[in-house]
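Peer 1: Before we start, here is the structure in question, set down as structure tokens.
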Amino acid sequence: MTNEKSELLQGTLDMLILKAIERDAMHGFGLSQRLREMSRDVFQVEMGSLYPALCRLEAQGWIKGAWGVSDANRKARYYSLTAAGRKQFQAETARWETLSSTINLMLKAT
Amino acid sequence: MNSFRRLLFRLQPLFFKKKIETELSEELQAHLEMATEANLVAGMSPEAARQAALRELGGFEQIKERYRDERGLPWLDYLVQDLRYAIRQLRKTPGFTAVAVLSLALGIGANTAVFSLVNAVLLAELPVKSPGQLVLFNWLAEETLMPRGGYATPDPNSNKYTCPAFLLTTLEAFRANAPTLSDVFGFVSRDLYVNAEGSTEAVGGQFASGDYHRGFGVAAAAGRVITADDDQPGAEAVAVISDRYWQRRFGGDPRAIGKVIVVGDVPVTVVGVTAPGFNGAAQVGYAVDVTLPLALLPRFVAAEHLDQIPNSWWVNIMGRLKPGATLEQTRASLEGVFQATARGHLEVNPLPGVPAIDPANIPLPQLRAVPGGQGLYEMRRKHEHALLLIMGIVTLVLLVACANVANLLLARGTARRREFAVRLALGAGRARLVRQLLTESVLLASLGGIAGLLLAWWGAQALLALRPFGSGLLQIDTPLDWRVLGFTTAVALATGIVFGLAPALRSTRLNLTEEFQGGARSPGGSRSRFAHAMMVVQVALTLVLLVGAGLLVRTLRNFHQVDVGFNRESLLLFELLAPLGWRAPLKPVATLDPIRERLAALPGVRGATYEYRASYSWQVRGGGVAYVQTTKNEGVGRNEVDSSYLATLEIPLLRGRNFDPHDHREGAPEVAIVNQAFAKKCFGTEDVVGQRFGWDPTKGATVEIVGLMRDARHYGLKGEVPPFALTPYPRSSTSLDANFIVRFSGSEATALAGARAAIREIDASLPMTNVRTQVEQIDRRFAQERSFATLCSFFGTLALLLAAVGLYGLISYQVLRRTGEIGVRMALGALPAQVLRMILRESLTLVALGVVIGGALSVGATRWIASLLFGVPAHDPVTYGCVALLLLAVATVACLLPARRAAKIAPMVALRSE
């Protein structure tokens, strides 16, 4: 992703992070890998955007961070989705669907 | 709830900064290691893996920076950072800091002092329960309807007269008939002579109804307050004193409760002390120290005046609204009640130039109900103009101080050029630098504000002592409440930003390339322009203040030189008033003559006399109306005097004769001595001896003029001499109200001591009060002008000093900066004298510009003091010229030293240091 901190991109990144940790709790590195994987290598999130986003999400109470131990026996901070976060994710997904379908519609118009 | 949670989250870094930072570092470190490992697994060499991981992660510091922005309150971090840096910088240059803080302290302190007065007089509410629920009553009527025993003043919003006092019956009627008020109470303010702890003094006092304290919601700090039981005829005589009186007289001793004090000649028991801060609800500046129940009033009135009590308008009435009730409802419900009690108690007093009222068809007065949260307010309104004027003066001083500090900051900014250039080059945003500089200036202003607060308390008292509201000394508490503190904070903040912004912007506008390429070149012209502009501003404002001072000083001199028509030097005045509460067996006025003779016989006394109304006091202003030939009626001043009056005052008698003992007999035909103005106005000629006029249109021309005296001023100093008539002192008067005038030679103290002794011999119980000289009495007439002259002079001088110091600093600095240029000039052949002249010329051009602009400003500004001036026009060229010369002279002196230093520059040294 480019370095622009446009509102749209910020909100979208938040939503994508929520999606990424929907099933499992993840640490920062794992999250960046997962995001790359989910986007089939198109999106490469900068750490300078990821960590602030994680902080933001934690402030809102949508994810929770806790210290844990990784498979390689390393101390890492894991982020998991909270109940409120789950709800937020659903709401944001719905909003995104409406938004993108409307824009697509408008682009198809003559 | 979410935003609250978010706020808490953001506040955590304040307290757990270290922990959060450490955790983030660990987290990022872990990320780096995992990325490195992944790369290793993918087949890279260890160094390449690490490099790739580092590249992918990006800069740790950048990540941390952006994380911090999300995590905490970045602006708070910056603020704390800036503050610490600012404190360090200010400590490095103590001289600069001291000068700046001092200038600001003077400016802000003066403003705070004035504002605390404004607060106390205009804004503050009574320190009682829910002052917003209080109601004050007054009434409106035609000018010719006089309330007996009271007075009415012109209402500013209509052409009628208003009066805040009512009859006692009105108070009782209101109490019985007020559905919208939960409390109705009244009070009568009077000076009382109180003998407490062995000595007698005059104190501010009042008679209050039983529910006075309850209605206000004022509690007792000790003992109890007045209740309805105390306000019954025949109840025990009690008094409640104020906290300040308790501290002053009894030292705050709790045993004061129960002590007996003698008010007038009535012993009363002190039963309580009101809470601190409550000084009654009378006119601003009148502090009520002793409160007695209204029922005690008859004991302080002479027996033959007792019937006047219910017929006099002297009670101020206030009430407390019930919840939900409005002022309009209250007024409407009580107007009928008021008018019913007022009927028959208003006198019709015809006045010249005012349409007469048909006695059979007197229009009823209108009741008004106004918010009572500030008590009686007529005086407050009167003082508004004076206060705003003073506020304007101190604002000018603050602006001068600001301009001074702005220049100082600018010079400092130039000195710190290198530091700013480095920081800008390292990537600091200009906004960040400016913000930091602003923090420094606001910090300076805050320090100045704190010091100013300390000055302000003392300053407010000093200001009051100058009597800016006229001759009465007002007793005003100037507490440091939230409004004053808020004002000081706001002024300090605004000042910091005002004088800090421009220098901050200028100092950070740097061309980095130039700076680092050996930028000892003179800085841009814009910086000098700004400094020059500030100097011009200072000079202009100083000129305005000094012009005001000059005009007022000349006004004072003119006052002193007015020919009052009599010899005002060496005249001692005092009163043998019978104050309320002094009741010895009444002495007929025949006692006055022996006193006068005794006084006249004293060594060092060249003459003594007495008069009914004291000249130059308000008493003589309320004159009378003379009816001449029943077709003309003129307003004239009058006074009742003894036959030695003209001789003692040295007013020549031009025609006719003086009063003789025959005129003073009871029942003798009425006579008068009039002045030339009277003669010309009423009769058109000076040959009036033998003519007649009257005081009462219904009784005809009963008064015969027996003498013509030369014009003399008895009240006003301005304008034409008003017509005046003297009549013999009323022998039928049974009260002892008399003003004595004694002409003495030699020392005033000796004469005073002799007079006191003489009177004590005749009657030891007569209090001699209000002792002053005629000159002092006349001076009181322009006490306000005098106080403003003092204020303008003081602040003008202060501003002049600030501007002179600022000018010295500015020119010194410029000489320093231009050392190279001057060196070149001298190397090329310029003489030291020429250099001196050049510096002087440039500086004085600046000052001259300031003078011209200041002159233009003054022309507009003197409009505000025009009402105070006397005998000198607001645009008097002489005053303006003198002040301009003074400014130029001071400026020359201030510039001389640096200019001489410039002239002494050795060209070789200058050029080498380039």
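Peer 1: So what is the diffusion coefficient of the stretch A:58-110 in µm² per second by Stokes-Einstein at 20 °C and 1.002 mPa s, using a Kirkwood Rh over Cα pairs?
Peer 2: Translational diffusion coefficient: 156 µm²/s.
Peer 1: Moving to a separate point now. Could you tell me how many degrees, from 0 to 90 and to the nearest 10, lie between the Cα long axis of helix B:327-342 and the main elongation axis, the longest principal axis, of the Cα atoms of chain B?
Peer 2: Roughly 10 degrees between the two axes.
Peer 1: Just the ratio, please: alpha-carbon radius of gyration of the stretch B:1-67 over 2.2 N^0.38 Å, N its number of residues.
Peer 2: Taking N as the residue count of the stretch B:1-67, the ratio is 1.49.
Peer 1: How big is the convex hull of the Cα atoms of chain A, per residue, in Å³?
Peer 2: 116 Å³
Peer 1: Once the Cα gyration tensor of the stretch B:746-847 is diagonalised, what are the square roots of 5 times its eigenvalues, in whole Å and ordered largest first, as equivalent ellipsoid semi-axes?
Peer 2: Ellipsoid semi-axes (Å, largest first): 66, 14, 11.
Peer 1: If the viscosity is 1.567 mPa s and the temperature 4 °C, what Stokes-Einstein diffusion coefficient in µm²/s follows for the stretch B:417-572 when Rh is the Kirkwood radius over Cα pairs?
Peer 2: 62 µm²/s
Peer 1: Related question: Over the Cα atoms of the stretch B:282-409, what Rg and Dmax result, in angstrom?
Peer 2: Just the Cα atoms of the stretch B:282-409 yield Rg and Dmax of 23.5, 77 Å.
Peer 1: Taking the Cα centre as origin and putting +1 on Lys and Arg beta-carbons and -1 on Asp and Glu beta-carbons, what dipole magnitude results for chain B, to the nearest 20 debye?
Peer 2: With only Lys, Arg, Asp and Glu charged at Cβ, the dipole is about 3900 debye.
Peer 1: Out of the stretch A:46-110, which trypsin sites (Lys or Arg not before Pro) are coil in DSSP terms and have no more than 12 other C-beta atoms within 10 Å?
Peer 2: The qualifying sites: there are none.
Peer 1: Which value, in nm² and rounded to one decimal, describes the direction-averaged projected area of the C-alpha convex hull of the stretch B:839-910?
Peer 2: Computed as one quarter of the Cα hull surface, the answer is 5.7 nm².
Peer 1: For the pair B:Thr750 and B:Leu801, what calculated FRET efficiency results from E = 1/(1 + (r/R0)^6), where r is the Cβ-Cβ distance and R0 = 30 Å, to the nearest 0.05?
Peer 2: The value I calculate is 0.10.
Peer 1: Which of B:Lys19/B:Lys92; B:Lys382/B:Lys680; A:Lys64/B:Lys64; A:Lys19/A:Lys108; A:Lys19/A:Lys75; A:Lys87/B:Lys18 have a Cα-Cα distance over 31 Å?
Peer 2: B:Lys19/B:Lys92; B:Lys382/B:Lys680; A:Lys87/B:Lys18
Peer 1: Can you work out the FRET efficiency for the pair B:Val422 and B:Arg557, with r the C-beta to C-beta distance and R0 = 56 Å, to the nearest 0.05?
Peer 2: 0.35
Peer 1: Next question. Please compute one quarter of the surface area of the Cα convex hull for the stretch B:1-117 and express it in square nanometres.
Peer 2: The directionally averaged projection comes out at 13.5 nm².
Peer 1: Can you give the Rg to Rh ratio of the stretch B:438-477, both from alpha-carbon atoms, with Rh computed by the Kirkwood formula?
Peer 2: Radius of gyration over Kirkwood radius for the stretch B:438-477 works out to 1.25.
Peer 1: Please compute the Kirkwood hydrodynamic radius of chain B from all pairs of different C-alpha atoms, in Å with one decimal.
Peer 2: Here the Kirkwood hydrodynamic radius works out to 34.1 Å.
Peer 1: Taking a virtual spin label 7 Å from the Cα of B:Arg55 along the C-beta vector, which residues in the stretch A:33-48 bring their backbone nitrogen under 16 Å of it?
Peer 2: A:44-47
Peer 1: A further question on this structure: Go through the stretch B:1-92 and name the chymotrypsin sites (Phe, Trp or Tyr not before Pro) that are in a DSSP coil and have 14 or fewer other Cβ atoms within 10 Å of their Cβ.
Peer 2: Hits after loop and neighbour filter: nothing returned.
Peer 1: Sticking with this structure for a sec: What is the pair-distance distribution P(r) of the stretch B:98-255, computed from all Cα-Cα distances in 10 Å bins starting at 0, with each bin given as a whole percent?
Peer 2: Over the stretch B:98-255, the share of Cα pairs per 10 Å bin runs 8, 24, 31, 22, 10, 4, 1 percent.
Peer 1: Once the piece of chain linking B:Leu11 and B:Asn159 is laid out straight, how much longer is it, given 0.36 nm per residue of separation minus the C-alpha distance between them?
Peer 2: In short, 47.0 nm is gained.
Peer 1: So, one more: For the stretch B:345-457, just say rounded, prolate or oblate: build the C-alpha gyration tensor, square-root its eigenvalues into a ≥ b ≥ c, call rounded for a/c under 1.5, and beyond that prolate if a/b exceeds b/c, oblate if not.
Peer 2: Here the stretch B:345-457 falls in the prolate category.
Peer 1: Moving on to the next point. Tell me the Rg and the Dmax, in Å, that the Cα atoms of the stretch B:252-357 produce.
Peer 2: Using the Cα atoms of the stretch B:252-357, the pair Rg, Dmax is 19.6, 60 Å.
Peer 1: Given the options A:Ser100, A:Ser49, A:Ser39, which has the most mean-square fluctuation in a GNM of chain A, springs set between C-alpha atoms less than 10 angstrom apart?
Peer 2: Answer for the Gaussian network model of chain A: A:Ser100.
Peer 1: Between rounded, prolate and oblate, where does the stretch B:648-699 land on the alpha carbon gyration tensor, with a ≥ b ≥ c its root eigenvalues, rounded for a/c under 1.5, else prolate if a/b exceeds b/c?
Peer 2: Since a/c reaches 1.5 but b/c is at least a/b, the shape of the stretch B:648-699 is classed as oblate.
Peer 1: Between the stretch B:835-914 and the stretch B:139-155, how far is it from one alpha carbon centroid to the other, in angstrom?
Peer 2: Cα centroid of the stretch B:835-914 versus Cα centroid of the stretch B:139-155: 54 Å apart.
Peer 1: I need the shape label for the stretch B:70-128. Rule: rounded when a/c is under 1.5, else prolate if a/b > b/c, else oblate, with a, b, c from the alpha carbon gyration tensor.
Peer 2: It is oblate, given that a/c is not under 1.5 and a/b is not larger than b/c.
Peer 1: Using just the alpha carbons, could you tell me how many Å³ per residue the convex hull of the stretch B:375-419 encloses?
Peer 2: Convex hull volume per residue, Cα atoms: 61 Å³.
Peer 1: At q = 0.16 Å⁻¹, what base-10 log of I(q)/I(0) does the Debye formula yield for the stretch B:791-853 when every alpha carbon is treated as an equal point scatterer in vacuo?
Peer 2: Result of the Debye calculation: -0.65.
Peer 1: Now for a separate question. Let's test the formula: R0 of 60 Å, r as the Cβ-Cβ distance of B:His385 and B:Glu761. What FRET efficiency results, to the nearest 0.05?
Peer 2: Between B:His385 and B:Glu761 the formula returns 0.80.
Peer 1: If only Cα atoms are counted, what is the Rg of the protein assembly as shown, and what is its Dmax, in Å?
Peer 2: For the protein assembly as shown, the Cα radius of gyration and maximum Cα-Cα distance read 41.1, 138 Å.
Peer 1: Specify the angular offset, from 0 to 90 degrees and rounded to the nearest 10, of the alpha carbon long axis of helix B:832-861 from the longest principal axis of the alpha carbons in chain B.
Peer 2: 50 degrees
Peer 1: While we're here: How high is the relative contact order of the stretch B:167-292, in percent, counting Cα pairs under 8 Å that sit 6 or more residues apart?
Peer 2: Relative CO of the stretch B:167-292 lands at 28 percent.
Peer 1: Can you give the Rg/Rh ratio of the stretch B:755-914, where Rg is from the C-alpha atoms and Rh is the Kirkwood radius?
Peer 2: Ratio of gyration radius to Kirkwood radius for the stretch B:755-914: 1.33.
Peer 1: Moving on to the next point. Contact order normalised by length for chain B, with contacts defined as Cα pairs under 8 Å and 6 or more residues apart; what percent is it?
Peer 2: Value for chain B: 14 percent.
Peer 1: When the gyration tensor of the stretch B:165-245 is built from Cα positions, what are the square roots of 5 times its three eigenvalues, in whole Å, from largest to smallest?
Peer 2: 26, 15, 12
Every read-out reported here was derived from the displayed coordinates using simple, explicitly stated rules and does not represent laboratory data. Keep in mind that this is a model prediction, so the values were computed, not measured. Every residue, glycine as well, gets a Cβ built from its backbone with ideal geometry; the counts of neighbours run over all protein chains shown.
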